[in-house]
1. Tell me, please, whether a residue that is open to solvent by 10 Å² or more (accessible area, probe 1.4 Å), assigned by TED's automatic domain parsing to the domain that holds Ser182, closer than 25 Å to Tyr484 by Cα and touching a strand residue (DSSP E or B) at 6+ places or on another chain (Cβ under 7 Å) can be found in the range 337-354.
2. Quick check: anything in the range 57-65 within 14 Å of ligand 2 (Cβ to nearest atom) and under 27 Å from Leu333 (Cβ atoms)?
3. Return the only residue of Ala41, Ala48 being crowded, with 24+ Cβ neighbours inside 10 Å and either basic (Lys, Arg) or under 23 Å from Asp215 (Cβ atoms) (or both).
4. Out of the range 53-72, which residues are of a type in the set (Asp, Glu) and touching a strand residue (DSSP E or B) at 6+ places or on another chain (Cβ under 6 Å)?
5. Name the one entry in Gly100, Gly65 that is small (Gly, Ala, Ser), within 16 Å of ligand 1 (Cβ to nearest atom) and more than 15 Å from the chain's Cα centre (by Cα).
6. Looking at (1) over 24 Å from Glu371 (Cα atoms); (2) of a type in the set (A, V, I, L, M, F, W, C); (3) in contact with a helix residue (DSSP H, G or I) (Cβ under 9 Å, 6 or more places away or on another chain); (4) free of Cβ contacts under 8 Å to residues at least 24 places away in the same chain, which is the one condition that is false for Leu418?
7. Suppose the filter is open to solvent by less than 10 Å² (accessible area, probe 1.4 Å), within 26 Å of the chain's Cα centre (by Cα), under 27 Å from Ala446 (Cβ atoms) and outside the structural domain of Leu341 (by TED's automatic domain parsing); does Ala234 pass it?
8. Inspect all residues belonging to the range 135-157 and state whether any of them is within 16 Å of ligand 1 (Cβ to nearest atom), open to solvent by less than 20 Å² (accessible area, probe 1.4 Å), under 30 Å from Ala408 (Cβ atoms) and in contact with a Cys (Cβ under 6 Å, 6 or more places away or on another chain).
Amino acid sequence: MKYTSNIALCSGLILAFNLNAKINQRPNIIHIMCDDHAFQAISAYGGALSKFAPTPNIDRLANEGMIFQRAYVENSLSAPSRATLLTGLYSHQHGQKTLGKGFDESLPVFPELLQQSGYQTSIFGKWHLNCEPKGFDDYKILLDQGDYYNPEFKSKGSNGKYIREEGYATTLITDYALNWLSNRNKKKPFCLMLHHKAPHRNWMPEEKYLNLYNDVEFPYPSTLNDDYATRSDAAKSQEMSILKDMTYSYDLKIDQLAEGNDSPALVRYWEKIKKRMNPAQHNAWVEAYTKQNDDFVTAKLKGDDLLKLKYQRYMRDYLRCVKSVDDQVGRVLNYLEKEGLLNNTIIVYTSDQGFYLGEHSWFDKRFMYEESYRTPLIIRYPKMINKGLVNTDLVQNIDFAPTYLELAGLKSPKLPGLSLMSLFKGKTPANWRNELYYHYYDYLGAHKVRKHEGISTNRYKLIRFYGDGFGKDKGENIDAWEMYDLVKDPNELNNVADNSTYQNELSDLKIRLSKKRIELNIKE
Ligand code: SGN
Ligand code: CA
């Protein structure tokens, strides 16, 4: 009798041990998310900028994993996108529809489910939500949008205080992440969220890269001179034009041209940001920009020539910021390699949305047009993903939470997204989705992009711009449809909503959009 119960006890222990070992062998997760990183600025995507500003470390992730060509967000803006990442819900479901308040903090977030199941969890860098991080063993987050130079961070141990740190944001955030990894409990799996500020506006490069790309003339996007001829008023009334809205001081760092061009409030804000630099940083800054600024002023360019030079200055700073991000991705990869963690860690590289790099003459994002609706997505996980795979299925940021929960072996709460794990083998499941829903709400937020919603399929995109204007320079009421044939018109220059040859497809898309609205219970 005693003997038998000992055996029972023993086998129970072995079972528990196996279970524990299994639980502890679950994959580590590293979610690297940049802020406003356009896929056009990642050389693995092979765009026109690739050979001028390569990103070898991010490319390594793609070469050794899977690159997604059709990854989209459901609302092209930071705070909504971050809330969607954490909850797996659409903006109207988690409440964070704009950059203002709104997030329903009581909702479960995937890091806390991972944490409860035995994962060590952390987040470093941009947080951008109006609440405290929950579900993280450790964190160190930027104040609001965060600063590039000597930024303030709040950490778990700082008693709610933001404390200034000396250094460049992209490097500091990576330092914190690697430091946390080094001190973790090696017996447990981890989930690390590494969220860079870069390359968000106002694109301030790291000291050592202030002169990078000085002699490069970046290629111009074919839609740089878009006149929005076939479009509704929404594309015409935005305030994100490189020529008209990009400021001389804050955006382009040409302080000599601030007076008479930039608003005094903006100039004051920019002066405050520059004061953050220490003397060495400031000297390097002045030295790097003085000559090119003098040349810019002397040239007295107008019209198309001015647009082109503004574009070059914008690209140089933006891509310099990207260069630092790429370096730091390399640092993370080296660390994981050295620690023998590359095999059992899934590394995801993405952005909170896409960005315009001069396409349609714009910077910023928000629109459902491709460059901002689409976001980069690269996943490296050698245990399940073969090298060099290219995925063209429709995926969206609602899919992150179900993916991470499935990877951790957890049952997902009922969520609208799909786990990307079923795509890892390189074959599309027969029942994979064939449409995506998008909704942007932040009018009258910065850049004055009108509210819109829409549906996109593998071939078409239907957008409805709607909502009250507020008179005068705040805009007229709008109610307008746009439709694009992405195969015939990938640059979305030709709105075919009024084109008789597309009427069948148009009514089909309208029905699909109505169905989506009902399915998702969209009230607005
Ligand atoms: C700031 C920027 C905008 C940008 C939003 C949202 N202005 O307001 O250009 O669109 O953030 O960006 S700035 O003068 O502060 O740079 S987001 O990535 O957080 O959604
Ligand atoms: Ca962003």
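1. At the first step, the residues of the range 337-354 found to be open to solvent by 10 Å² or more (accessible area, probe 1.4 Å) are 337-344.
Of the ones still in play, those that are also assigned by TED's automatic domain parsing to the domain that holds Ser182 are 337-344.
Pick out the ones that are also closer than 25 Å to Tyr484 by Cα and you get none.
There is no residue in the range 337-354 that is open to solvent by 10 Å² or more (accessible area, probe 1.4 Å), assigned by TED's automatic domain parsing to the domain that holds Ser182, closer than 25 Å to Tyr484 by Cα and touching a strand residue (DSSP E or B) at 6+ places or on another chain (Cβ under 7 Å).
2. Narrowing the range 57-65 to residues within 14 Å of ligand 2 (Cβ to nearest atom): none.
Looking for residues that are within 14 Å of ligand 2 (Cβ to nearest atom) and under 27 Å from Leu333 (Cβ atoms), one finds none in the range 57-65, hence no.
3. That would be Ala41, the only listed residue that is crowded, with 24+ Cβ neighbours inside 10 Å and either basic (Lys, Arg) or under 23 Å from Asp215 (Cβ atoms) (or both).
4. Matches in the range 53-72: Glu64 only.
5. Working: Gly65 fails: within 16 Å of ligand 1 (Cβ to nearest atom).
Just a single option satisfies the conditions, and that option is Gly100.
6. Leu418 satisfies all of (1) over 24 Å from Glu371 (Cα atoms); (2) of a type in the set (A, V, I, L, M, F, W, C); (3) in contact with a helix residue (DSSP H, G or I) (Cβ under 9 Å, 6 or more places away or on another chain); (4) free of Cβ contacts under 8 Å to residues at least 24 places away in the same chain except (1).
7. Values: open to solvent by less than 10 Å² (accessible area, probe 1.4 Å): yes; within 26 Å of the chain's Cα centre (by Cα): yes; under 27 Å from Ala446 (Cβ atoms): yes; outside the structural domain of Leu341 (by TED's automatic domain parsing): yes.
When the stated conditions are applied, Ala234 passes them.
8. Of all residues in the range 135-157, those within 16 Å of ligand 1 (Cβ to nearest atom) come to 141-149, 151-152.
Filter once more, keeping what is open to solvent by less than 20 Å² (accessible area, probe 1.4 Å): 141-142, 146, 148-149, 151.
Checking which are under 30 Å from Ala408 (Cβ atoms) leaves us with 141-142, 146.
Within this subset, residues satisfying the condition of being in contact with a Cys (Cβ under 6 Å, 6 or more places away or on another chain) are none.
No: zero hits.
The values are calculated or read from the model by the stated rules, or taken from the named source; none is laboratory data. Every value quoted in this text rests on a predicted model; they were computed, and no experiment measured them. As a convention, Cβ positions derive from the backbone with ideal geometry for all residues, glycine included, and neighbour counts pool all protein chains shown. Side chains are part of the model used for accessible areas, which takes the heavy atoms of the whole protein and leaves out ligands, DNA and RNA. Shrake-Rupley method; radii C 1.70, N 1.55, O 1.52, S 1.80 Å.
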